[in-house]
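The values are calculated or read from the model by the stated rules, or taken from the named source; none is laboratory data. What you see is a predicted model; the values in this text were computed from it and never measured. Glycine gets a Cβ as well: all are built from the backbone with ideal geometry, and neighbour counts include every protein chain shown. When the accessible area is computed, the model is the full protein with side chains, heavy atoms only, and any ligands, DNA or RNA have been set aside. Shrake-Rupley method; radii C 1.70, N 1.55, O 1.52, S 1.80 Å.
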Amino acid sequence: QVQLVESGGGLVQPGGSLRLSCAASGSIFRIRTMAWYRQTPGKERELVARFTSDGSTNYADSVKGRFTISRDSAKTTVYLQMNSLNPEDTAIYYCHVLTTWGPFWGQGTQVSVSS
(Lines give C-alpha, C1' and ligand atoms only; values in the text may rest on other atoms or scores of the structure.)
Protein backbone atom coordinates (compact mmCIF):
# COMPACT_ATOMS: atom_id res chain seq x y z
CA GLN A 1 0.00 0.00 0.00
CA VAL A 2 0.93 3.62 -0.54
CA GLN A 3 -0.49 6.40 1.61
CA LEU A 4 -0.71 9.96 0.32
CA VAL A 5 -1.25 13.01 2.53
CA GLU A 6 -1.90 16.35 0.89
CA SER A 7 -1.61 19.79 2.43
CA GLY A 8 -1.43 23.43 1.42
CA GLY A 9 -4.89 24.16 0.10
CA GLY A 10 -6.93 27.15 1.15
CA LEU A 11 -8.56 30.38 0.09
CA VAL A 12 -6.58 32.86 -1.99
CA GLN A 13 -7.39 36.01 -3.91
CA PRO A 14 -7.15 36.11 -7.70
CA GLY A 15 -3.55 36.59 -8.74
CA GLY A 16 -2.28 34.93 -5.60
CA SER A 17 -0.20 31.82 -5.07
CA LEU A 18 -0.42 28.56 -3.18
CA ARG A 19 1.88 25.60 -2.81
CA LEU A 20 0.44 22.13 -2.42
CA SER A 21 2.38 19.24 -0.94
CA CYS A 22 1.78 15.51 -1.10
CA ALA A 23 3.79 13.20 1.09
CA ALA A 24 3.91 9.53 0.16
CA SER A 25 4.60 6.72 2.60
CA GLY A 26 4.45 2.96 2.61
CA SER A 27 5.75 1.02 -0.37
CA ILE A 28 7.19 4.08 -2.09
CA PHE A 29 9.67 2.00 -4.04
CA ARG A 30 6.74 0.87 -6.16
CA ILE A 31 5.88 4.41 -7.29
CA ARG A 32 6.38 5.00 -11.02
CA THR A 33 4.64 8.33 -11.67
CA MET A 34 3.43 11.19 -9.49
CA ALA A 35 0.79 13.70 -10.48
CA TRP A 36 -1.76 16.29 -9.43
CA TYR A 37 -5.36 16.20 -10.61
CA ARG A 38 -8.28 18.47 -9.83
CA GLN A 39 -12.03 18.19 -9.85
CA THR A 40 -14.96 20.59 -9.64
CA PRO A 41 -18.59 19.60 -9.00
CA GLY A 42 -20.23 18.04 -12.02
CA LYS A 43 -16.99 17.66 -13.95
CA GLU A 44 -14.58 14.82 -14.46
CA ARG A 45 -11.29 14.78 -12.62
CA GLU A 46 -8.64 16.32 -14.86
CA LEU A 47 -4.88 16.07 -14.97
CA VAL A 48 -3.11 19.23 -13.86
CA ALA A 49 0.54 18.22 -13.90
CA ARG A 50 2.60 15.07 -13.63
CA PHE A 51 5.99 13.47 -13.60
CA THR A 52 6.20 10.65 -16.08
CA SER A 53 8.15 7.45 -15.46
CA ASP A 54 11.23 8.92 -17.18
CA GLY A 55 11.12 12.06 -15.03
CA SER A 56 9.74 14.44 -17.61
CA THR A 57 6.79 16.69 -16.81
CA ASN A 58 3.43 17.31 -18.45
CA TYR A 59 1.00 20.15 -17.78
CA ALA A 60 -2.58 20.88 -18.70
CA ASP A 61 -2.74 23.72 -21.20
CA SER A 62 -4.80 25.77 -18.75
CA VAL A 63 -1.97 25.87 -16.18
CA LYS A 64 1.14 26.04 -18.35
CA GLY A 65 3.37 28.92 -17.33
CA ARG A 66 1.54 29.35 -14.01
CA PHE A 67 1.92 26.02 -12.21
CA THR A 68 5.09 24.07 -11.53
CA ILE A 69 5.32 20.48 -10.33
CA SER A 70 8.39 19.44 -8.41
CA ARG A 71 9.49 16.75 -5.98
CA ASP A 72 12.13 16.08 -3.40
CA SER A 73 15.28 14.12 -4.16
CA ALA A 74 13.88 11.02 -2.47
CA LYS A 75 10.82 11.23 -4.71
CA THR A 76 8.55 10.81 -1.73
CA THR A 77 7.01 14.27 -1.73
CA VAL A 78 5.55 16.03 -4.72
CA TYR A 79 4.71 19.70 -4.81
CA LEU A 80 2.54 21.92 -6.94
CA GLN A 81 3.45 25.59 -6.97
CA MET A 82 0.46 27.54 -8.25
CA ASN A 83 0.93 31.16 -9.26
CA SER A 84 -1.37 33.71 -10.87
CA LEU A 85 -4.38 31.82 -9.61
CA ASN A 86 -7.78 32.67 -11.02
CA PRO A 87 -11.31 31.64 -10.02
CA GLU A 88 -11.30 28.90 -12.68
CA ASP A 89 -8.59 27.14 -10.67
CA THR A 90 -11.02 26.60 -7.80
CA ALA A 91 -11.29 22.85 -7.27
CA ILE A 92 -10.38 19.96 -5.06
CA TYR A 93 -6.82 18.99 -5.89
CA TYR A 94 -5.80 15.36 -5.62
CA CYS A 95 -2.39 13.78 -5.47
CA HIS A 96 -2.04 10.63 -7.57
CA VAL A 97 0.68 8.03 -7.86
CA LEU A 98 0.87 5.11 -10.20
CA THR A 99 2.61 2.12 -8.71
CA THR A 100 3.40 -1.38 -9.79
CA TRP A 101 0.27 -2.32 -7.85
CA GLY A 102 -1.90 0.26 -9.57
CA PRO A 103 -3.07 3.82 -8.80
CA PHE A 104 -3.42 5.47 -5.42
CA TRP A 105 -5.14 8.76 -4.60
CA GLY A 106 -4.83 11.24 -1.81
CA GLN A 107 -7.86 12.52 0.07
CA GLY A 108 -7.87 15.83 -1.76
CA THR A 109 -7.32 19.41 -0.66
CA GLN A 110 -9.63 22.30 -1.45
CA VAL A 111 -8.28 25.30 -3.35
CA SER A 112 -10.60 28.27 -3.58
CA VAL A 113 -9.76 31.41 -5.55
CA SER A 114 -12.06 34.31 -4.78
CA SER A 115 -11.98 37.97 -3.92
Solvent-accessible area, 1.4 Å probe, carbon plus sulfur percent, for the range 8-83: 46 percent
Relative contact order of the chain, pairs being alpha-carbon contacts under 8 Å that are 6 or more residues apart, as %: 37 percent
Radius, Kirkwood style, for the chain when every pair of distinct Cα atoms is counted (Å): 14.1 Å
Mean-position separation - Cα centroids, the range 57-115 and the range 1-22, in angstrom: 8 Å
Accessible area per residue in Å² at 1.4 Å probe, computed on the chain: 52 Å²
Low-density loop cleavage sites - chymotrypsin sites (Phe, Trp or Tyr not before Pro) in the range 78-115, where at most 15 other Cβ are within 10 Å (DSSP): Trp101
Hull volume in cubic angstrom per residue (convex hull over the Cα atoms of the range 18-82): 106 Å³
With at most 13 other Cβ atoms within 10 Å, longest stretch of the chain clear of loop trypsin sites (Lys or Arg not before Pro) (DSSP): 65-115
About the Cα centre, charge dipole magnitude for the chain (Lys/Arg +1, Asp/Glu -1 at Cβ), debye: 200 debye
Loop-resident sites, the range 20-115, for GluC sites (Glu not before Pro), counting at most 11 other Cβ within 10 Å (DSSP): Glu44
